[in-house]
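A short write-up of the structure that comes next.
Derivation of every value follows stated rules applied to the coordinates shown; laboratory data play no part. Computed from a prediction, not measured in an experiment: that's the story for all the values here. Glycine also receives a Cβ, built like all others from the backbone with ideal geometry; neighbour counts cover every protein chain displayed.
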Amino acid sequence: MGGPQEKLSTLFGETQVSAASSEQLELIGKWLAIFSETHHWELSPISVAAYVEGLKDLSLEEIRCGCERAYKEVNGMPKVPHIRERRNSVAMMDEFVRTEQGKRGCSMCDLTGWKMVQNASGASWAVKCDCRRTVAKPE
């Protein structure tokens, strides 16, 4: 019998499985080793196969970025959803925020993400607009 992905496929009676590339398997394996060592978490072959199945449709860059961010941001052993939620780089998310602002049409910042505020003496400076904060950091 083949690797963990084939074992999982056989276990659940699937006959046709879209396989992950060798580069994806290597990258996922590297990050699983880092995660399991850091969090003292033993991964079974089925667990490894589940991570591969959950991430195989992502590009190498998305896997790398998602794992890197999950490693830094998740408290505990990152799961597939943690990695998938973080698969886009911060720069890509910033672009998403600007796009979302455009769809909503913020009148405070004219779609720039920054609004001007004044203190009592009349001095002005730019601060992040509330519409940007809402999309970028949902509560």
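Estimated at 0.36 nm per residue, the fully extended path between residue 118 and residue 68 surpasses their Cα-Cα distance by 14.1 nm. At a Förster distance of 30 Å, what's the computed FRET efficiency of residue 44 paired with residue 21, Cβ-Cβ distance as r, to 0.05? So, using R0 = 30 Å, E works out to roughly 0.85.
Please give the length that would be gained between residue 126 and residue 75 if that part of the chain were fully extended, namely 0.36 nm times their separation in residues minus their C-alpha to C-alpha distance (nm, one decimal). Intermediate values should be presented prior to the final figure.
Working: separation 51, 0.36 × 51 = 18.36 nm, distance 3.34 nm.
Value of the extension gain: 15.0 nm.
In this label model, residue 30 and residue 60 are separated by 0.9 nm, measuring between points 7 Å along each Cα→Cβ vector. When the pairs 30/56; 30/79; 72/115 are compared against a 22 Å limit on Cα-Cα distance, 72/115 fall above it.
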